[in-house]
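**Student:** Questions regarding the structure given below will be posed in turn.
The values are calculated or read from the model by the stated rules, or taken from the named source; none is laboratory data. Being a predicted model, the structure only gives us computed values, none of them experimental. All Cβ positions, even for glycine, are placed from backbone atoms using ideal geometry, and neighbour counts span all protein chains on display. All accessible areas refer to the heavy atoms of the entire protein, side chains included, with ligands and DNA or RNA removed. Shrake-Rupley method; radii C 1.70, N 1.55, O 1.52, S 1.80 Å.
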Amino acid sequence: MNNTEYPLTPSQISSYQRDGYIQLNDVITGDDLVAFRDAVEEGVKEDTKDLDPNRVKGSYEQIFIQCVNLWHRYPKVKPFVLSPRLAKIAARLMGTPVRIWHDHALFKEPHTGAKTPWHQDTPYWPHEQKMHQLTIWVALRDATIQNGCMSFIPTTHRMLDIEPVNLGNPQDLFDVAPQTKGLKPVTCELKAGSVTIHNGMTFHYAGPNRSDGMREVIAIIYMPDGTTYLKVPHPVTDPMKLTQGVKMDQDMFPLVAT
Ligand SMILES: O=C(O)CCC(=O)C(=O)O
């Protein structure tokens with residue numbers, strides 16, 4: 001993996017901090033992109049090999065195939081997810097040293113996939129501090145309006161205390177967050193190897209995949225070093241039996257940029 005520093009400018013950092021999201025082009029290129037995509041595709045194939053292709057999918061499963069923490073289980077994925085190049089971008093945008101919270105492959109299936117409803121992320125997470133977590137959403141193949149690229153509502157990362165949206169049975173955005181009325185969403189099409197980055201509080205959405213190919217993405221989520229544990233159910237932390245209030249500095253959450 002090319003671990004030279006991505007040339008993030010001060011104006012990109014302030015635009016991210018103002019709007020709560022940013023698009024960065026050509027972050028992963030050439031052989032790295034091919035190797036990252038191959039490694040993630042292999043992991044998703046292995047994780048889903050026992051699923052019956054004819055099963056009836058629940059409403060959440062219609063949004064995407066989601067495989068969590070591939071880095072932990074697939075050695076070929078690990079150097080990409082833990083890469084200093086990506087971590088340094090996260091740390092510069094956040095303004096603090098960062099740890100991995102978790103990764104997840106998000107593959108939207110052709111034609112059958114549903115939209116990803118408008119939502120914020122951080123309310124789902126077992127973290128006591130909620131303001132600075134961010135996701136680097138890596139397009140492993142081109143992400144377009146047709147196959148379900150991301151849209152964001154700028155400045156909504158400052159909207160706190162909004163009820164979490166149930167992704168399987170979503171409420172209308174204006175019912176959950178009437179204060180978003182009048183704000184204009186921005187849609188970001190991406191070439192493979194480019195990324196969007198959003199604060200965990202920024203409202204975001206992705207359309208259904210109406211193309212013939214899989215929409216292939218891996219999203220890597222970072223949290224500030226020092227984040228402490230909030231005891232609410234979550235599939236990543238439930239097996240760890242953490243005590244409320246402890247620092248999330250276990251091996252599962254490596255420090256990737258200081
Ligand atoms: O990829 C998608 O459809 C949605 C991704 C998302 O919600 C996220 O990365 O937080």
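**Student:** Condition (residue is under 18 Å from the mean Cα position of the chain (by Cα) and hydrophobic (A, V, I, L, M, F, W, C)) applied to the stretch 45-53: is it met by at least one residue?
**Tutor:** no
**Student:** Residue by residue through the stretch 2-21, note down the ones that are part of a helix (DSSP H, G or I), of a type outside the set (Ser, Thr, Tyr) and surrounded by 14 or more Cβ atoms within 10 Å (Cβ to Cβ).
**Tutor:** Within the stretch 2-21, Gln12, Ile13, Gln17, Asp19 meet the criteria.
**Student:** Give me the pairs, please: first residue somewhere in the stretch 65-85 and under 17 Å from Leu255 (Cβ atoms) and small (Gly, Ala, Ser), second residue anywhere and modelled with pLDDT under 95 and open to solvent by 20 Å² or more (accessible area, probe 1.4 Å), beta-carbon distance under 9 Å, and either six or more positions apart or on two chains.
**Tutor:** Every condition considered, the pairs that remain are Ser83/Met1; Ser83/Asn2; Ser83/Asn3.
**Student:** Can you pull out the strands (runs of 3 or more DSSP E) entirely within the stretch 182-234 that have at least 1 residues that are more than 10 Å from the ligand (Cβ to nearest atom)?
**Tutor:** Qualifying strands (runs of 3 or more DSSP E): 186-188, 195-199, 215-224.
**Student:** Hey, can you tell me all the residues within the stretch 81-111 that are within 15 Å of the ligand (Cβ to nearest atom) and either more than 29 Å from Thr180 (Cα to Cα) or of a type in the set (Lys, Arg) (or both)?
**Tutor:** Val81, Leu86, Ile100, Lys108, Glu109, Pro110
**Student:** Here's another thing I want to ask about it. So Gly113 ticks every box in (1) closer than 26 Å to Gln171 by Cα; (2) of a type in the set (Gly, Ala, Ser); (3) under 13 Å from the mean Cα position of the chain (by Cα) but one. Which box is left unticked?
**Tutor:** Status for Gly113: all satisfied but (3).
**Student:** How many residues does the stretch 100-134 hold that are within 27 Å of Asp212 (Cβ to Cβ), of a type in the set (Asp, Glu) and open to solvent by 10 Å² or more (accessible area, probe 1.4 Å)?
**Tutor:** 1
**Student:** For the subset of the stretch 131-165 comprising residues that are modelled with pLDDT under 95 and closer than 16 Å to His204 by Cβ, which member is nearest to the ligand (Cβ to nearest atom)?
**Tutor:** That would be Val165.
**Student:** Working carefully through the options Ala177, Ala90, Ala143, find the one that is among the small types (Gly, Ala, Ser) and closer than 23 Å to Lys45 by Cα.
**Tutor:** Step by step, each of Ala177, Ala90, Ala143 is checked, and only Ala143 is among the small types (Gly, Ala, Ser) and closer than 23 Å to Lys45 by Cα.
**Student:** Within the stretch 135-164, track down each residue that is open to solvent by 10 Å² or more (accessible area, probe 1.4 Å), in a loop (DSSP other than H, G, I, E, B) and touching a strand residue (DSSP E or B) at 6+ places or on another chain (Cβ under 9 Å).
**Tutor:** Arg141, Asp142, Thr144, Ile145, Asn147, Pro154, Pro164, listed by residue number.
**Student:** Taking only pairs six or more apart or across chains, which ones have beta-carbon atoms under 8 Å, a first residue in the stretch 216-243 that is over 19 Å from Val81 (Cβ atoms) and of a type in the set (Phe, Trp, Tyr), and a second residue that is open to solvent by 30 Å² or more (accessible area, probe 1.4 Å) and not in a loop (DSSP other than H, G, I, E, B)?
**Tutor:** Cβ pairs passing all conditions: Tyr229/Lys247.
**Student:** Select from the stretch 22-44 the residues that are farther than 13 Å from Val195 by Cβ and open to solvent by 60 Å² or more (accessible area, probe 1.4 Å) and write down the one among them that is farthest from the chain's Cα centre (by Cα).
**Tutor:** Among those that are farther than 13 Å from Val195 by Cβ and open to solvent by 60 Å² or more (accessible area, probe 1.4 Å), it is Asp31.
**Student:** Of all residues being surrounded by 15 or more Cβ atoms within 10 Å (Cβ to Cβ) and within 14 Å of the ligand (Cβ to nearest atom) in the stretch 45-65, which is nearest to Ala35 (Cα to Cα)? Just the residue, please.
**Tutor:** If we take residues in the stretch 45-65 being surrounded by 15 or more Cβ atoms within 10 Å (Cβ to Cβ) and within 14 Å of the ligand (Cβ to nearest atom), then Ile65 is nearest to Ala35 (Cα to Cα).
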